[in-house]
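Notes for the one structure printed next.
The values are calculated or read from the model by the stated rules, or taken from the named source; none is laboratory data. Just so it is clear, the structure is predicted and the values come from calculations on it, not from any experiment. Heads up, the Cβs are rebuilt from the backbone with ideal geometry, glycines too, and the neighbour counts pull from every protein chain shown.
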Amino acid sequence: MSTRNLLALTALAGVAFPSTAMAWEHTGWAWNPLEMPLTYIVGNDTVFEDSIDATVDGEPYEVWVAKESYSGWQDATCAEFTHEFIGTTTENYDARTWDGQTHITYDDPGDAEAAGVLAVTFTFPGSLEAGEFAFNKNGNAYYWAEDSDIVFNNDVDFGTDTDIDAGLCLGESSMEAVLTHEVGHLLGMAHSCEDGDVCSDSLLREATMYWSAGPCDTNGSTISQDDIDGLTALYGPFATFECSHELDPESPDTIAQGNVPFDLKCAIVTDASEEISGASWIFGDGGTSDELNPKHTYDVPGNYSIEACFDGVRDTCGEWEYCYRKIGYVRACGVPEPEFTIEHVDGLTYALRNESDVSVYGCIYEIQWDVFQGDTIISSLNAWEPQITFPSEGDFKIVLNLGGPAGTGAAALTVTAEDYAGEGYGCNAVGGAVGGLGWLVGVGLVVARARRRND
(Lines give C-alpha, C1' and ligand atoms only; values in the text may rest on other atoms or scores of the structure.)
Protein backbone atom coordinates (compact mmCIF):
# COMPACT_ATOMS: atom_id res chain seq x y z
CA MET A 1 0.00 0.00 0.00
CA SER A 2 1.32 3.41 -0.94
CA THR A 3 2.36 5.79 1.81
CA ARG A 4 0.08 8.37 0.19
CA ASN A 5 -3.42 8.59 1.59
CA LEU A 6 -5.48 6.26 -0.58
CA LEU A 7 -9.21 6.55 -1.22
CA ALA A 8 -10.11 2.91 -1.70
CA LEU A 9 -13.14 1.32 -3.31
CA THR A 10 -13.97 -2.27 -2.44
CA ALA A 11 -17.08 -4.00 -3.78
CA LEU A 12 -18.49 -7.31 -4.93
CA ALA A 13 -18.43 -6.06 -8.49
CA GLY A 14 -15.65 -3.57 -9.04
CA VAL A 15 -15.20 -3.30 -12.80
CA ALA A 16 -14.84 0.32 -13.89
CA PHE A 17 -16.71 1.29 -17.06
CA PRO A 18 -15.19 4.27 -18.89
CA SER A 19 -17.19 6.72 -20.93
CA THR A 20 -14.24 8.05 -22.92
CA ALA A 21 -10.50 7.59 -22.57
CA MET A 22 -9.17 9.26 -19.41
CA ALA A 23 -12.50 10.68 -18.26
CA TRP A 24 -15.07 9.80 -15.60
CA GLU A 25 -15.71 6.13 -15.04
CA HIS A 26 -18.53 4.10 -13.52
CA THR A 27 -18.38 1.10 -11.20
CA GLY A 28 -21.08 -0.87 -13.01
CA TRP A 29 -23.98 -0.29 -10.60
CA ALA A 30 -26.54 2.42 -9.94
CA TRP A 31 -29.61 2.96 -7.77
CA ASN A 32 -33.03 2.46 -9.28
CA PRO A 33 -34.57 5.92 -9.83
CA LEU A 34 -37.96 4.45 -8.96
CA GLU A 35 -36.70 3.63 -5.45
CA MET A 36 -35.52 7.09 -4.44
CA PRO A 37 -34.78 8.70 -2.05
CA LEU A 38 -31.56 6.99 -0.99
CA THR A 39 -31.75 6.73 2.79
CA TYR A 40 -28.75 6.59 5.11
CA ILE A 41 -27.96 6.24 8.82
CA VAL A 42 -24.98 7.89 10.52
CA GLY A 43 -23.01 6.41 13.39
CA ASN A 44 -23.62 8.35 16.59
CA ASP A 45 -20.59 10.07 18.16
CA THR A 46 -20.85 7.82 21.22
CA VAL A 47 -19.05 5.15 19.19
CA PHE A 48 -16.38 7.41 17.67
CA GLU A 49 -12.84 6.94 18.95
CA ASP A 50 -11.52 9.95 17.06
CA SER A 51 -14.65 12.05 16.74
CA ILE A 52 -14.47 15.65 15.56
CA ASP A 53 -15.63 17.59 18.58
CA ALA A 54 -17.75 20.16 16.78
CA THR A 55 -21.35 20.94 15.94
CA VAL A 56 -22.85 22.77 12.99
CA ASP A 57 -26.35 24.21 13.20
CA GLY A 58 -26.84 22.24 16.41
CA GLU A 59 -25.93 18.88 14.85
CA PRO A 60 -22.85 16.72 15.49
CA TYR A 61 -20.29 17.45 12.80
CA GLU A 62 -20.41 13.84 11.54
CA VAL A 63 -24.14 14.14 10.85
CA TRP A 64 -23.81 17.58 9.25
CA VAL A 65 -20.96 16.49 6.99
CA ALA A 66 -22.90 13.42 5.83
CA LYS A 67 -25.76 15.64 4.70
CA GLU A 68 -23.35 18.04 3.02
CA SER A 69 -21.53 15.26 1.17
CA TYR A 70 -24.75 13.88 -0.30
CA SER A 71 -26.02 17.35 -1.15
CA GLY A 72 -22.71 18.23 -2.78
CA TRP A 73 -23.44 15.77 -5.58
CA GLN A 74 -26.61 17.65 -6.41
CA ASP A 75 -24.44 20.30 -7.99
CA ALA A 76 -24.98 17.95 -10.92
CA THR A 77 -28.30 19.69 -11.54
CA CYS A 78 -29.45 17.25 -14.21
CA ALA A 79 -28.76 14.21 -12.04
CA GLU A 80 -32.15 13.18 -10.71
CA PHE A 81 -31.35 11.41 -7.47
CA THR A 82 -32.66 12.27 -4.02
CA HIS A 83 -31.42 11.37 -0.55
CA GLU A 84 -32.74 11.36 3.00
CA PHE A 85 -31.00 11.23 6.38
CA ILE A 86 -33.09 8.94 8.62
CA GLY A 87 -31.19 9.03 11.91
CA THR A 88 -28.19 7.94 13.92
CA THR A 89 -27.21 4.66 15.54
CA THR A 90 -24.96 3.71 18.43
CA GLU A 91 -24.04 0.45 16.70
CA ASN A 92 -20.71 0.33 14.92
CA TYR A 93 -21.61 -1.38 11.65
CA ASP A 94 -19.23 -3.50 9.64
CA ALA A 95 -19.89 -2.46 6.06
CA ARG A 96 -19.20 -5.95 4.75
CA THR A 97 -22.56 -7.10 6.10
CA TRP A 98 -25.56 -6.84 3.79
CA ASP A 99 -28.69 -5.54 5.51
CA GLY A 100 -30.28 -3.44 2.76
CA GLN A 101 -29.57 -0.10 4.49
CA THR A 102 -26.76 2.42 4.01
CA HIS A 103 -24.66 3.14 7.11
CA ILE A 104 -21.85 5.69 7.46
CA THR A 105 -19.44 4.49 10.13
CA TYR A 106 -16.64 6.75 11.37
CA ASP A 107 -14.92 4.17 13.60
CA ASP A 108 -13.63 1.18 11.63
CA PRO A 109 -14.88 -1.99 13.39
CA GLY A 110 -12.03 -4.32 14.21
CA ASP A 111 -9.38 -2.07 12.65
CA ALA A 112 -10.05 -3.78 9.33
CA GLU A 113 -8.75 -1.00 7.06
CA ALA A 114 -5.08 -0.87 6.22
CA ALA A 115 -2.71 1.98 6.97
CA GLY A 116 -2.98 4.77 4.39
CA VAL A 117 -6.62 4.02 3.56
CA LEU A 118 -8.86 6.96 4.44
CA ALA A 119 -12.25 5.34 3.90
CA VAL A 120 -13.84 2.45 2.03
CA THR A 121 -17.20 1.97 0.32
CA PHE A 122 -18.68 -1.51 0.09
CA THR A 123 -21.53 -2.05 -2.35
CA PHE A 124 -23.67 -5.13 -2.99
CA PRO A 125 -25.31 -5.18 -6.43
CA GLY A 126 -28.73 -6.76 -6.43
CA SER A 127 -27.86 -9.53 -8.90
CA LEU A 128 -24.63 -10.81 -10.39
CA GLU A 129 -26.16 -13.51 -12.59
CA ALA A 130 -25.39 -13.49 -16.28
CA GLY A 131 -28.01 -11.60 -18.28
CA GLU A 132 -29.89 -10.29 -15.23
CA PHE A 133 -28.58 -6.73 -15.34
CA ALA A 134 -30.61 -3.54 -15.03
CA PHE A 135 -29.67 -1.66 -18.20
CA ASN A 136 -27.00 -1.17 -20.88
CA LYS A 137 -25.01 2.02 -21.35
CA ASN A 138 -22.23 2.49 -23.88
CA GLY A 139 -22.15 -1.27 -24.42
CA ASN A 140 -21.72 -2.09 -20.71
CA ALA A 141 -24.14 -3.87 -18.37
CA TYR A 142 -25.14 -2.12 -15.13
CA TYR A 143 -26.77 -3.64 -12.04
CA TRP A 144 -29.11 -2.10 -9.50
CA ALA A 145 -27.41 -1.58 -6.14
CA GLU A 146 -29.24 -2.85 -3.04
CA ASP A 147 -26.88 -2.10 -0.17
CA SER A 148 -23.90 0.20 0.23
CA ASP A 149 -21.96 1.27 3.34
CA ILE A 150 -19.10 3.67 4.03
CA VAL A 151 -16.45 3.07 6.71
CA PHE A 152 -13.80 5.60 7.80
CA ASN A 153 -10.41 4.40 8.99
CA ASN A 154 -10.12 5.12 12.72
CA ASP A 155 -6.32 5.39 12.42
CA VAL A 156 -6.50 8.64 10.42
CA ASP A 157 -6.81 12.16 11.84
CA PHE A 158 -9.69 14.05 10.23
CA GLY A 159 -10.43 17.76 10.36
CA THR A 160 -13.09 20.21 9.28
CA ASP A 161 -12.86 22.25 6.09
CA THR A 162 -13.36 25.39 8.18
CA ASP A 163 -10.19 24.74 10.20
CA ILE A 164 -8.20 23.54 7.21
CA ASP A 165 -9.13 26.53 5.05
CA ALA A 166 -8.27 28.83 7.97
CA GLY A 167 -4.71 27.48 8.00
CA LEU A 168 -5.20 25.46 11.18
CA CYS A 169 -4.38 22.12 9.55
CA LEU A 170 -1.68 19.96 11.18
CA GLY A 171 -1.78 17.14 8.65
CA GLU A 172 -5.45 16.20 9.05
CA SER A 173 -7.51 14.96 6.13
CA SER A 174 -10.73 16.72 5.19
CA MET A 175 -13.62 14.58 6.42
CA GLU A 176 -15.97 16.31 3.97
CA ALA A 177 -13.72 15.74 0.94
CA VAL A 178 -13.24 12.08 1.85
CA LEU A 179 -16.94 11.47 2.45
CA THR A 180 -17.98 13.29 -0.73
CA HIS A 181 -15.61 10.99 -2.62
CA GLU A 182 -17.06 7.89 -0.96
CA VAL A 183 -20.64 9.01 -1.63
CA GLY A 184 -19.57 9.22 -5.27
CA HIS A 185 -18.57 5.54 -5.11
CA LEU A 186 -21.86 4.71 -3.43
CA LEU A 187 -23.72 6.41 -6.28
CA GLY A 188 -21.79 4.38 -8.87
CA MET A 189 -18.82 6.59 -9.71
CA ALA A 190 -15.35 5.05 -10.08
CA HIS A 191 -12.05 6.95 -10.02
CA SER A 192 -11.36 9.58 -12.66
CA CYS A 193 -7.74 8.34 -12.66
CA GLU A 194 -6.26 5.32 -10.90
CA ASP A 195 -2.91 4.92 -9.19
CA GLY A 196 -0.38 4.37 -11.96
CA ASP A 197 -2.44 6.02 -14.71
CA VAL A 198 -0.84 8.71 -16.82
CA CYS A 199 -3.21 11.46 -15.73
CA SER A 200 -2.10 14.63 -17.49
CA ASP A 201 -5.51 16.31 -17.56
CA SER A 202 -5.78 18.74 -14.65
CA LEU A 203 -9.59 18.47 -14.74
CA LEU A 204 -9.31 14.78 -13.86
CA ARG A 205 -6.71 15.34 -11.15
CA GLU A 206 -8.95 17.98 -9.57
CA ALA A 207 -12.05 15.80 -9.67
CA THR A 208 -13.59 14.61 -6.43
CA MET A 209 -13.24 11.08 -7.82
CA TYR A 210 -9.46 11.30 -8.29
CA TRP A 211 -7.89 8.26 -6.66
CA SER A 212 -6.01 10.04 -3.82
CA ALA A 213 -6.12 13.12 -1.61
CA GLY A 214 -3.30 14.72 0.36
CA PRO A 215 -3.44 16.11 3.90
CA CYS A 216 -5.08 19.50 4.33
CA ASP A 217 -6.71 19.19 0.86
CA THR A 218 -10.35 20.32 0.69
CA ASN A 219 -10.61 20.29 -3.12
CA GLY A 220 -12.70 17.11 -3.19
CA SER A 221 -15.46 18.64 -1.08
CA THR A 222 -16.82 20.29 -4.22
CA ILE A 223 -17.47 18.13 -7.28
CA SER A 224 -15.92 19.11 -10.60
CA GLN A 225 -17.30 19.17 -14.14
CA ASP A 226 -15.91 15.69 -14.74
CA ASP A 227 -17.80 14.42 -11.68
CA ILE A 228 -20.96 16.20 -12.87
CA ASP A 229 -20.74 14.65 -16.33
CA GLY A 230 -20.26 11.18 -14.91
CA LEU A 231 -23.15 11.41 -12.45
CA THR A 232 -25.47 12.91 -15.06
CA ALA A 233 -24.74 9.93 -17.31
CA LEU A 234 -26.13 7.69 -14.53
CA TYR A 235 -28.94 9.79 -13.07
CA GLY A 236 -29.82 12.30 -15.75
CA PRO A 237 -33.31 12.65 -17.21
CA PHE A 238 -34.95 9.25 -17.52
CA ALA A 239 -38.06 7.53 -18.71
CA THR A 240 -39.53 4.08 -18.18
CA PHE A 241 -42.32 2.18 -19.92
CA GLU A 242 -45.39 0.08 -19.32
CA CYS A 243 -47.06 -2.43 -21.59
CA SER A 244 -50.54 -3.88 -21.93
CA HIS A 245 -51.52 -7.38 -20.74
CA GLU A 246 -50.10 -6.66 -17.29
CA LEU A 247 -51.33 -9.03 -14.62
CA ASP A 248 -51.17 -6.44 -11.83
CA PRO A 249 -49.93 -2.93 -12.75
CA GLU A 250 -49.64 -2.01 -9.06
CA SER A 251 -47.21 -4.83 -8.28
CA PRO A 252 -43.44 -4.35 -8.63
CA ASP A 253 -43.28 -7.89 -10.01
CA THR A 254 -45.92 -7.36 -12.67
CA ILE A 255 -45.40 -8.93 -16.07
CA ALA A 256 -47.04 -8.66 -19.47
CA GLN A 257 -48.68 -11.96 -20.35
CA GLY A 258 -50.60 -13.29 -23.31
CA ASN A 259 -51.24 -16.42 -25.32
CA VAL A 260 -49.44 -16.58 -28.66
CA PRO A 261 -49.96 -14.94 -30.95
CA PHE A 262 -50.69 -11.78 -29.00
CA ASP A 263 -50.09 -8.07 -29.49
CA LEU A 264 -48.25 -6.12 -26.81
CA LYS A 265 -48.71 -2.37 -26.75
CA CYS A 266 -46.08 -0.28 -24.92
CA ALA A 267 -46.08 3.34 -23.79
CA ILE A 268 -43.36 5.62 -22.41
CA VAL A 269 -43.76 6.69 -18.79
CA THR A 270 -42.20 10.08 -18.00
CA ASP A 271 -43.02 13.36 -16.29
CA ALA A 272 -41.55 15.25 -19.25
CA SER A 273 -43.07 13.73 -22.36
CA GLU A 274 -42.40 16.92 -24.31
CA GLU A 275 -38.65 16.24 -23.99
CA ILE A 276 -38.73 12.82 -25.68
CA SER A 277 -37.48 13.01 -29.24
CA GLY A 278 -36.93 9.35 -30.10
CA ALA A 279 -36.97 5.79 -28.86
CA SER A 280 -35.57 2.40 -29.83
CA TRP A 281 -37.08 -0.86 -28.55
CA ILE A 282 -35.74 -4.41 -28.34
CA PHE A 283 -38.48 -6.92 -27.57
CA GLY A 284 -36.34 -9.96 -26.77
CA ASP A 285 -37.58 -12.23 -29.56
CA GLY A 286 -35.63 -10.50 -32.33
CA GLY A 287 -38.21 -7.77 -32.89
CA THR A 288 -37.35 -4.06 -32.72
CA SER A 289 -39.10 -0.74 -33.19
CA ASP A 290 -38.27 2.97 -33.40
CA GLU A 291 -41.80 4.15 -32.60
CA LEU A 292 -42.46 6.11 -29.43
CA ASN A 293 -45.42 3.91 -28.43
CA PRO A 294 -44.97 0.69 -30.39
CA LYS A 295 -47.01 -2.48 -30.82
CA HIS A 296 -45.30 -5.85 -31.10
CA THR A 297 -46.64 -9.33 -31.83
CA TYR A 298 -45.21 -12.35 -30.00
CA ASP A 299 -45.65 -15.51 -32.08
CA VAL A 300 -43.33 -17.92 -30.24
CA PRO A 301 -43.83 -18.99 -26.60
CA GLY A 302 -41.11 -17.73 -24.28
CA ASN A 303 -40.06 -15.47 -21.42
CA TYR A 304 -38.70 -12.23 -22.85
CA SER A 305 -36.99 -9.10 -21.58
CA ILE A 306 -37.72 -5.70 -23.11
CA GLU A 307 -35.18 -2.90 -23.34
CA ALA A 308 -35.90 0.61 -24.55
CA CYS A 309 -33.57 3.58 -25.04
CA PHE A 310 -35.06 7.07 -25.07
CA ASP A 311 -33.59 10.25 -26.54
CA GLY A 312 -34.56 13.67 -25.30
CA VAL A 313 -33.59 17.31 -25.03
CA ARG A 314 -33.74 19.47 -21.88
CA ASP A 315 -32.89 23.15 -21.77
CA THR A 316 -30.63 22.77 -18.71
CA CYS A 317 -29.01 19.51 -19.80
CA GLY A 318 -28.95 19.50 -23.57
CA GLU A 319 -29.37 16.17 -25.33
CA TRP A 320 -29.79 13.12 -23.13
CA GLU A 321 -30.30 9.37 -23.51
CA TYR A 322 -31.61 6.81 -21.03
CA CYS A 323 -31.96 3.06 -21.42
CA TYR A 324 -34.36 1.03 -19.30
CA ARG A 325 -34.70 -2.75 -19.16
CA LYS A 326 -37.38 -5.02 -17.69
CA ILE A 327 -36.03 -8.52 -17.16
CA GLY A 328 -38.38 -11.41 -17.91
CA TYR A 329 -41.16 -8.89 -18.40
CA VAL A 330 -43.08 -10.78 -21.09
CA ARG A 331 -44.62 -14.21 -20.69
CA ALA A 332 -45.85 -15.55 -24.02
CA CYS A 333 -47.67 -18.84 -23.47
CA GLY A 334 -48.65 -21.58 -25.87
CA VAL A 335 -50.78 -24.65 -25.22
CA PRO A 336 -48.66 -27.11 -23.16
CA GLU A 337 -47.25 -30.06 -25.09
CA PRO A 338 -47.07 -33.03 -22.70
CA GLU A 339 -44.51 -35.75 -23.17
CA PHE A 340 -43.68 -38.63 -20.86
CA THR A 341 -42.13 -42.06 -20.57
CA ILE A 342 -42.83 -44.96 -18.23
CA GLU A 343 -40.29 -47.21 -16.53
CA HIS A 344 -40.79 -50.44 -14.61
CA VAL A 345 -39.73 -50.29 -10.94
CA ASP A 346 -40.73 -53.58 -9.35
CA GLY A 347 -43.69 -55.91 -9.43
CA LEU A 348 -46.66 -53.94 -10.72
CA THR A 349 -45.12 -50.56 -9.73
CA TYR A 350 -44.04 -48.22 -12.54
CA ALA A 351 -42.50 -44.72 -12.55
CA LEU A 352 -43.85 -41.99 -14.83
CA ARG A 353 -41.11 -39.73 -16.21
CA ASN A 354 -42.44 -36.32 -17.19
CA GLU A 355 -40.43 -34.95 -20.11
CA SER A 356 -42.73 -32.07 -20.98
CA ASP A 357 -41.16 -28.78 -22.02
CA VAL A 358 -41.17 -26.34 -19.07
CA SER A 359 -38.68 -23.86 -20.53
CA VAL A 360 -41.30 -21.09 -20.57
CA TYR A 361 -41.74 -20.15 -16.93
CA GLY A 362 -45.30 -19.80 -15.68
CA CYS A 363 -47.17 -21.32 -18.64
CA ILE A 364 -47.97 -24.62 -16.90
CA TYR A 365 -49.75 -24.52 -13.56
CA GLU A 366 -52.04 -27.57 -13.61
CA ILE A 367 -51.25 -31.25 -13.96
CA GLN A 368 -53.22 -34.46 -13.81
CA TRP A 369 -52.44 -38.08 -14.62
CA ASP A 370 -55.43 -40.35 -15.28
CA VAL A 371 -55.06 -44.14 -15.38
CA PHE A 372 -57.75 -46.00 -17.32
CA GLN A 373 -58.64 -49.68 -17.25
CA GLY A 374 -60.87 -49.98 -20.24
CA ASP A 375 -63.15 -46.94 -20.14
CA THR A 376 -62.97 -46.58 -16.35
CA ILE A 377 -60.64 -44.18 -14.52
CA ILE A 378 -59.06 -46.17 -11.71
CA SER A 379 -56.59 -43.54 -10.49
CA SER A 380 -55.89 -39.79 -10.75
CA LEU A 381 -52.59 -38.27 -9.62
CA ASN A 382 -51.34 -34.67 -9.41
CA ALA A 383 -47.60 -35.09 -8.85
CA TRP A 384 -45.02 -34.13 -11.47
CA GLU A 385 -43.44 -37.60 -11.71
CA PRO A 386 -45.49 -40.09 -9.69
CA GLN A 387 -45.20 -43.81 -9.30
CA ILE A 388 -48.26 -45.94 -9.97
CA THR A 389 -49.05 -49.49 -8.89
CA PHE A 390 -51.46 -51.27 -11.23
CA PRO A 391 -54.11 -53.46 -9.57
CA SER A 392 -53.34 -56.40 -11.83
CA GLU A 393 -51.54 -57.42 -14.97
CA GLY A 394 -53.10 -56.29 -18.24
CA ASP A 395 -53.50 -53.30 -20.54
CA PHE A 396 -53.95 -49.80 -19.14
CA LYS A 397 -54.11 -46.34 -20.72
CA ILE A 398 -52.34 -43.41 -19.07
CA VAL A 399 -53.29 -39.82 -19.95
CA LEU A 400 -51.20 -36.80 -18.90
CA ASN A 401 -53.07 -33.47 -18.87
CA LEU A 402 -51.15 -30.19 -18.56
CA GLY A 403 -53.04 -26.92 -18.25
CA GLY A 404 -52.05 -23.29 -18.46
CA PRO A 405 -53.40 -19.91 -19.49
CA ALA A 406 -53.34 -20.90 -23.18
CA GLY A 407 -55.34 -24.09 -22.69
CA THR A 408 -54.90 -27.78 -21.96
CA GLY A 409 -52.68 -30.28 -23.72
CA ALA A 410 -52.77 -34.04 -23.31
CA ALA A 411 -50.66 -37.07 -24.15
CA ALA A 412 -51.75 -40.70 -23.89
CA LEU A 413 -49.97 -44.04 -23.73
CA THR A 414 -51.21 -47.65 -23.53
CA VAL A 415 -49.02 -49.93 -21.45
CA THR A 416 -49.13 -53.63 -20.65
CA ALA A 417 -48.48 -54.08 -16.93
CA GLU A 418 -46.56 -57.19 -15.96
CA ASP A 419 -45.86 -58.40 -12.44
CA TYR A 420 -42.15 -59.25 -12.23
CA ALA A 421 -39.14 -58.23 -10.20
CA GLY A 422 -36.39 -55.96 -11.49
CA GLU A 423 -36.36 -53.19 -14.06
CA GLY A 424 -38.30 -53.63 -17.23
CA TYR A 425 -39.02 -51.84 -20.47
CA GLY A 426 -39.75 -48.18 -21.06
CA CYS A 427 -42.30 -46.54 -23.36
CA ASN A 428 -42.87 -42.96 -24.40
CA ALA A 429 -45.70 -40.76 -25.58
CA VAL A 430 -45.96 -37.32 -27.17
CA GLY A 431 -49.32 -35.52 -27.36
CA GLY A 432 -50.78 -32.21 -28.43
CA ALA A 433 -53.88 -30.33 -27.36
CA VAL A 434 -56.79 -32.67 -26.81
CA GLY A 435 -60.29 -31.56 -25.96
CA GLY A 436 -62.32 -33.22 -23.25
CA LEU A 437 -59.39 -34.40 -21.10
CA GLY A 438 -59.64 -31.62 -18.61
CA TRP A 439 -60.03 -32.65 -14.95
CA LEU A 440 -57.19 -30.43 -13.82
CA VAL A 441 -55.90 -29.69 -10.32
CA GLY A 442 -53.37 -26.96 -9.45
CA VAL A 443 -49.98 -28.12 -8.20
CA GLY A 444 -46.95 -26.08 -7.14
CA LEU A 445 -44.34 -28.65 -8.09
CA VAL A 446 -44.42 -27.64 -11.73
CA VAL A 447 -43.38 -24.10 -10.84
CA ALA A 448 -40.66 -25.39 -8.54
CA ARG A 449 -39.07 -27.34 -11.37
CA ALA A 450 -39.15 -24.48 -13.84
CA ARG A 451 -36.06 -22.31 -14.26
CA ARG A 452 -35.54 -19.82 -11.54
CA ARG A 453 -36.82 -16.34 -12.12
CA ASN A 454 -35.13 -13.44 -10.97
CA ASP A 455 -36.22 -10.10 -9.52
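For the reader, a short list of remarks on this structure follows.
- Qualifying residue in segment 312-332 (condition: buried (at least 21 other Cβ atoms within 10 Å of the Cβ), at pLDDT below 95, touching a Cys at 6+ places or on another chain (Cβ under 6 Å) and under 30 Å from residue 133 (Cα atoms)): no
- Scanning segment 232-289 for residues that are closer than 30 Å to residue 24 by Cα, modelled with pLDDT of 85 or more and of a type in the set (D, E, K, R) yields 274, 275.
- Whichever residue in segment 186-203 is aliphatic (A, V, I, L, M) and surrounded by 22 or more Cβ atoms within 10 Å (Cβ to Cβ) and, among such residues, is nearest to residue 36 (Cα to Cα): 187
- Cβ-Cβ under 6 Å pairs, at least 6 apart or on other chains, segment 187-206 side under 11 Å from residue 226 (Cα atoms) and outside any loop (DSSP other than H, G, I, E, B), far side of a type outside the set (S, T, N, Q) and at pLDDT below 80: 205/199
- Complete set of residues in segment 145-202 that are of a type in the set (Ser, Thr, Tyr) and under 17 Å from residue 117 (Cα atoms): 173, 174, 180
- If the condition is being surrounded by fewer than 24 Cβ atoms within 10 Å (Cβ to Cβ), β-branched (Val, Ile, Thr) and at pLDDT 90 or above, then segment 133-163 contributes 160, 162.
- Selection within segment 283-323 - closer than 21 Å to residue 234 by Cβ, of a type in the set (A, V, I, L, M) and in contact with an Asp or Glu (Cβ under 7 Å, 6 or more places away or on another chain): 313
- Criterion: β-branched (Val, Ile, Thr), farther than 17 Å from residue 31 by Cβ and at pLDDT 80 or above - qualifying residue of 97, 88: 88
- Only one of the numbered conditions (1) assigned to a loop (DSSP other than H, G, I, E, B); (2) out of contact with any strand residue (DSSP E or B) (no Cβ under 9 Å at 6 or more places or on another chain); (3) under 24 Å from residue 136 (Cα atoms) is violated by residue 228, and that is (1).
- Candidates in segment 145-177 are the residues that are within 36 Å of the chain's Cα centre (by Cα) and among the aliphatic types (A, V, I, L, M); of these, the one that is farthest from residue 187 (Cα to Cα) is 156.
- Any hit, segment 205-226, residues being modelled with pLDDT under 90, under 24 Å from residue 238 (Cα atoms) and not hydroxyl-bearing (Ser, Thr, Tyr): yes
- Residue 210 vs. criteria part of a strand (DSSP E or B) and buried (at least 21 other Cβ atoms within 10 Å of the Cβ): no
- Unmet requirement for residue 374, which otherwise passes all of (1) under 30 Å from residue 282 (Cα atoms); (2) free of Cβ contacts under 8 Å to residues at least 12 places away in the same chain: (1)
- Any hit, segment 343-362, residues being surrounded by 19 or more Cβ atoms within 10 Å (Cβ to Cβ) and either farther than 22 Å from residue 397 by Cα or of a type in the set (Asp, Glu) (or both): yes
- All positions within segment 268-288 that are touching a strand residue (DSSP E or B) at 6+ places or on another chain (Cβ under 6 Å), under 30 Å from residue 364 (Cα atoms) and not aromatic (Phe, Trp, Tyr): 282, 284, 285, 287, 288
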